[in-house]
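J.: One structure, as structure tokens, below. Some questions next.
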Amino acid sequence: MDGMFKQVAKVAPGTPLRDAIDRIIRARTGAMIVIGGEPDIDEDCQGGFRLDVPVHPSLVYELAKMDGAILLDSTMSRIRMANVEMVPHLAASTTETGIRHRTADRVAKTRNALVVAISERRGTVSLYFQGERFVLHDLSYILTKAQGAVNSLSRYDRLFRGASRRLAEAELYAGVMLEDVVEVLRRGLVAHEIRQELEGYIVELGKDGHLIDLQMEEFPDILREWHWIWHDYQAEDGAPINLRDNASQLTDDDWYQALGYSKRSGERLLIPRGYRVLHQVPRLPDGIIQQLIKRYQDVRALASASIADLDEVEGVGPQRASLIYRALHPQDNN
């Protein structure tokens, strides 16, 4: 979907093409606008006429009053052709209904072009790009959805960070239950999914999305810490979970298996390797972190090492050894 969001940005509020689209919707004329794909896309064109003039919202709107497609160049700076009948490869399958949308879907699947189909009857705007479809929504609807997503992100960010703190407190003392690790990872993945949803809304809102963007800055991305926790507890034969999976659809057994443990093993006691606590030490390179974990195996062994012991690891040195020791013994810093 990342590729589609880049395409959505081309028709975000504040862009000349979005201005033209809004005029077409208000006039209920409908249109098909093809962006890019040249020169190969010319093979799919019949009739119409060549223009090669600068893109202007009022001109695109006037040209949309004709039945044929409007072709813009890939930079969206020139109108190449207008009133064109598009004849795409029929071998490209489509489940769309209506001639305009079926044609738009086929063109987008067979040419490197973004195709905008504006429904005359319903006033909806559908974007097609390389097999993906995205429907543009009314700005008030998007703002409402975005604000709801911000509230959800705030809640899950707070839940993740609270559970992460409790996990860190238990790690150095009694060990951690696998079910507690899964709960932290689940909450983090939900927060990540909400963040991705918000990024899509910001792209679609264009210049009107800056307030939502500012609100998102209050919640730094937790994905790095999420990966550290994953590496801390993943078994040797575990496999990285697909971050595109819907967290709400993953069962506890799915999480256990992804981490490399058997089903119904939630009460298993685990000791982390130490990735997260070591990554929180300022300016500690990844190579040294790997050496420390290779030597000590888990966070308890790391915590039992003295500053002198840590200093013996290649590349650590006395200053870093002191910083690592303090990170592993936070109670001694009070």
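No value in this document is a laboratory result; all are computed from the given coordinates. Since this is a predicted model, take the numbers as computed values, not measurements. Please note: Cβ atoms are built from the backbone with ideal geometry, for glycine as well, and neighbour counts cover all protein chains shown.
J.: Exceeding 26 Å between C-alpha atoms, which entries from my cross-link table qualify? They are LYS10/LYS145; LYS263/LYS294; LYS65/LYS145; LYS109/LYS207. Before the final figure, lay out each step's value.
T.: On the way: LYS10/LYS145 21 Å; LYS263/LYS294 28 Å; LYS65/LYS145 33 Å; LYS109/LYS207 29 Å.
Listed pairs above 26 Å: LYS263/LYS294; LYS65/LYS145; LYS109/LYS207.
J.: Over the residues of region 71-160, compute the C-alpha Rg and express it relative to 2.2 N^0.38 Å.
T.: My calculation over the Cα atoms of region 71-160 gives 1.44.
J.: Quick query: amide H of LEU270 versus all other amide H atoms, modeled in the peptide plane; which residues come in under 5 Å with a sequence gap of 5 or more or a different chain?
T.: Answer set, sorted by chain and number: VAL176, MET177, LEU178.
J.: Let me know the Kirkwood hydrodynamic radius for region 140-270, please, with Cα pairs as the basis and the value in Å to one decimal.
T.: 15.8 Å is the Kirkwood radius here.
J.: Can you give the charge dipole size of region 153-289 about its Cα centre, rounded to the nearest 20 debye, using +1 on the beta carbon of Lys and Arg and -1 on the beta carbon of Asp and Glu?
T.: 340 debye
J.: Okay, next question. For the chain, with a Gaussian network of springs between Cα atoms less than 10 Å apart, report the residue from GLU120, GLU193, GLU218 with the top mean-square fluctuation.
T.: Maximum among the listed residues: GLU218.
J.: Order 176-182, 286-292, 5-11 from most to least packed using the mean count of other Cβ atoms within 10 Å.
T.: 176-182, 5-11, 286-292
J.: Within region 119-157, what residues put their amide N at less than 20 Å from the label point 7 Å along the Cα-to-Cβ vector of THR95?
T.: Counting backbone N atoms under 20 Å from the label point, the list is 125-136.
J.: What FRET efficiency do you get for ALA170 and GLN319 if R0 is 25 Å and r is their Cβ-Cβ distance, rounded to the nearest 0.05?
T.: 0.30
J.: Let me ask something else about it. Take every DSSP beta bridge with both residues inside the chain and express the antiparallel ones as a percent of the total, to the nearest 5.
T.: Working: 26 of 29 bridges.
Around 90 percent antiparallel, to the nearest 5.
J.: Among the aspartates and glutamates, select those whose C-alpha is under 12 Å from the C-alpha of LYS6, and discard any that sit fewer than 8 residues away in the same chain.
T.: GLU199, GLU204
J.: Let me ask something else. Kirkwood hydrodynamic radius (Cα pairs, Å) of region 1-151? Let's see the in-between values first.
T.: Details: mean 1/r = 0.0646 Å⁻¹.
Kirkwood radius, region 1-151: 15.5 Å.
J.: Whole-Hz ³J(HN,Hα) for each residue in region 267-283, computed from phi via Karplus 6.51 cos²θ - 1.76 cosθ + 1.60 with θ = phi - 60°, x for glycine and proline: what do you get?
T.: 8, 5, 8, 10, 10, x, 6, x, 4, 5, 5, 6, 5, 8, 6, x, 6
J.: Please name whichever of GLN319, PRO13, GLY287 sits farthest to the positive end of the charge dipole of the chain, dipole taken about the Cα centre and charges placed at Cβ: Lys and Arg +1, Asp and Glu -1.
T.: PRO13
J.: Report, largest value first, the span of the C-alpha coordinates of region 275-333 along each principal axis, in whole Å.
T.: 27, 22, 20 Å, listed from the longest principal axis down.
J.: Next question, about the same structure. Round to the nearest 0.05 the FRET efficiency obtained for GLN46 and LYS6 when R0 = 35 Å and r is the Cβ-Cβ distance.
T.: Numbers: r = 30 Å, r/R0 = 0.85.
Approximately 0.75, to the nearest 0.05.
J.: Once amide H atoms are built 1.01 Å from N in the peptide plane, which residues 5 or more positions from GLY48, or in another chain, come under 5 Å H to H?
T.: Long-range HN contacts for GLY48: GLU85.
J.: Could you size up the charge dipole of region 2-136 around its Cα centre, putting +1 on the beta carbon of Lys and Arg and -1 on that of Asp and Glu, and report it in debye to the nearest 20?
T.: Details: 18 positive and 17 negative charges, 98 e Å.
Taking the Cα centre of region 2-136 as origin, the dipole is about 460 debye.
J.: On a full-extension model of 0.36 nm per residue, what is the gain between ASP221 and GLU85, subtracting their alpha-carbon distance, rounded to one decimal in nm?
T.: Working it through step by step, the gained length comes to 44.3 nm.
J.: Another one. Would you be so kind as to identify all helices of the chain, as entire DSSP H runs, whose Cα atoms reach 30 Å or more along the helix's own axis and whose mean Kyte-Doolittle hydropathy is at least -1.0?
T.: 139-171, 178-205
J.: Picking from ALA163, VAL150, HIS137, whose Cα lies most toward the positive end of the charge dipole for region 121-252 (charges on Cβ: Lys, Arg +1; Asp, Glu -1)?
T.: About the Cα centre, the residue reaching furthest to the positive side is HIS137.
J.: Related question: In whole Å, what is the distance between the alpha-carbon centres of region 33-108 and region 173-226?
T.: 38 Å
J.: Work out the P(r) tail for the chain: percent of alpha carbon pairs separated by more than 25 Å, whole number.
T.: Within the chain, distances greater than 25 Å cover 63 percent of Cα pairs.
J.: Using modelled amide H (1.01 Å from N, peptide plane; none on Pro or chain starts), what sits under 5 Å from the amide H of THR124, excluding residues fewer than 5 places away?
T.: Counting only residues 5 or more places away or on other chains, the set is SER119.
J.: With a Förster radius of 25 Å, plug the Cβ-Cβ distance of GLU179 and GLN249 into 1/(1 + (r/R0)^6) and report the FRET value to the nearest 0.05.
T.: Taking R0 as 25 Å, the efficiency between GLU179 and GLN249 is 0.85.
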